[in-house]
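Worksheet for the structure shown next.
The values are calculated or read from the model by the stated rules, or taken from the named source; none is laboratory data. Remember, it's a predicted structure, so these values are computed and weren't measured experimentally. Cβ: placed from backbone, ideal geometry, glycine included. Neighbour counts: every protein chain shown. Ligands, DNA and RNA are excluded from the accessible area calculation, which covers all protein heavy atoms including side chains. Shrake-Rupley method; radii C 1.70, N 1.55, O 1.52, S 1.80 Å.
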Amino acid sequence: MSASRQLRVALVSLGCPKNLIDSEKILALLAEGGCIVAAPMDHADVIVVNTCGFLEAARQESLEVIGEALAHKRAGRAQRVVVAGCLVNRDAEELYKLAPGIDAIVGVNNRRQILQAVTAKRRVTRTDPYSGGICSDAGRFRLTPRHTAYLRISEGCDRQCSFCTIPAIRGPFRSKQLKAIVAEARELIADGAVELNVIGQDTTAYGRDLGVKGALASLLRRLDRLDGVRWIRLMYAYPRPFDDALIEAIASTPHVVAYIDLPLQHISGPILRRMKRGITRAGIEKLLVKIRRRIPGAAIRTTFIVGFPGESDAQFTELLGFIREFEFDALGVFEFSPEPGTTAAELPRQIPDDVKAARARALMAQQQQIAFAANSASVGRPIEVLVDGIDTQGRCVGRYYAQAPDIDGVCYLSEPRPPGTFVTGKIVGWEDYDLLVRPK
Ligand code: SF4
């Protein structure tokens, strides 16, 4: 063991915040095992790439980063390259052929074996299938700024969305026990977090496997009572079930911000059916209207897929019309990607790539108009900003309640303020998706 104590380990974390939590836990396990963690790639003995693999584009990005790590090994700077994360659960030992030189692969269910993979002198392959339970994320080596943290409440997904690989990668849905979540939240707050971003693959299903009705609403109310928390943000919500108790919990608790990340994927009935989303246009509209009516200032972020097999011009136009009418606060778009192993990849009438790209551009161009108009209309309003820090251009950056970390716009403060503090001020201008704020 003494050898591993001196090992310097670099970790590259790819993909979503759930993978980021895995990276934080991996670093903690390695530090406990005596490794020096968070070394830069070019000064590391071992490079760990915690991969993403849910879409072909993410898969290619992961393989590129693995390639960079292997270049350090070929140059004699690194001794070992370890690949972890979702791509391992997708490609497993195929990875040894795709990227010769990899020394170990560790799947998402084998996080606890990371030290073995890093310190061994031989090839290590740990790709166990899901075997029950959900890991604790307590005791992480935090990679986010101290004042903001992700809080995972569940893992896996039981839904059948026809385009999605996540259930096959991350396994069936399972909730964390309320007690464990509250303990992790307390630990994060004690470590400086004032903002907790609540995540999972499907947060609205929280508690279903525990037989607890309205569990997510109760959880948010419980987190709301924790000393020291200022913002609690619900992310990765599914539009069904999104019941009144949940809406009420968001509307009536002081620290749960009026922000909902609610991927909808499409609005056309036939497309929603072929996506196996289990909800209709009417169901979505009824929910969105209820949220906006009951939660004052509700900011709704969503995501759509364009170019789903069989998507006609009329169905795409219907989607554009719906977005124009509803005016989401933030929106992302994916071009449909036929992922091996999904039923949607086998559907007839696949859409040509150039048509998908054109539809994605058209949709984002329309959303840009909506976002810029909203920013322009907000000039002169008072605002409360959580300061994140100084960016690479030396500007003081923060976010208001309607801006989640890493995926939404930001607020630029005209005068610097300490990270992790809340600043009140006035919106004095805007730049693209971002706001310019003068602190009081
Ligand atoms: S709910 Fe999300 S993670 Fe689950 S299958 Fe659908 S798209 Fe995938």
Tell me, yes or no, whether the stretch 152-159 has at least one residue that is in the same structural domain as Thr343 (by TED's automatic domain parsing) and under 30 Å from Val423 (Cα atoms). yes
Go through the stretch 165-180 and report how many residues are over 18 Å from the mean Cα position of the chain (by Cα) and assigned to a helix (DSSP H, G or I). 3
Tell me which residues, restricted to the stretch 70-92, are among the hydrophobic types (A, V, I, L, M, F, W, C), over 15 Å from Thr165 (Cα atoms) and touching a helix residue (DSSP H, G or I) at 6+ places or on another chain (Cβ under 7 Å). Ala78, Val81, Val82, Val83, Ala84
Inspect the stretch 375-382 for any residue being under 26 Å from the mean Cα position of the chain (by Cα), closer than 22 Å to Gly321 by Cα and either assigned by TED's automatic domain parsing to the domain that holds Arg301 or in a helix (DSSP H, G or I) (or both) and give the result as yes or no. yes
Can you tell me which residue is nearest to the ligand (Cβ to nearest atom) among those in the stretch 128-184 that are among the basic types (Lys, Arg), under 18 Å from Arg112 (Cα atoms) and in contact with a Lys or Arg (Cβ under 9 Å, 6 or more places away or on another chain)? Arg170
Suppose we keep only residues that are without any contact (Cβ under 8 Å) to a residue 40 or more places away in the chain and in a loop (DSSP other than H, G, I, E, B) within the stretch 188-213. Which one would you say is nearest to the ligand (Cβ to nearest atom)? Gly207
Mind checking which helices (runs of 4 or more DSSP H) fall wholly inside the stretch 50-164 and carry at least 2 residues that are under 30 Å from Asp388 (Cα atoms) and open to solvent by 30 Å² or more (accessible area, probe 1.4 Å)? 56-74
Among the numbered criteria (1) small (Gly, Ala, Ser); (2) in contact with a Pro (Cβ under 9 Å, 6 or more places away or on another chain); (3) not in a loop (DSSP other than H, G, I, E, B), which single criterion is violated by Ala185? (2)
Taking the stretch 216-236 and keeping residues assigned to a loop (DSSP other than H, G, I, E, B), free of Cβ contacts under 8 Å to residues at least 40 places away in the same chain and either surrounded by fewer than 18 Cβ atoms within 10 Å (Cβ to Cβ) or not assigned by TED's automatic domain parsing to the domain that holds Ala205 (or both) leaves Arg225, Asp227, Gly228
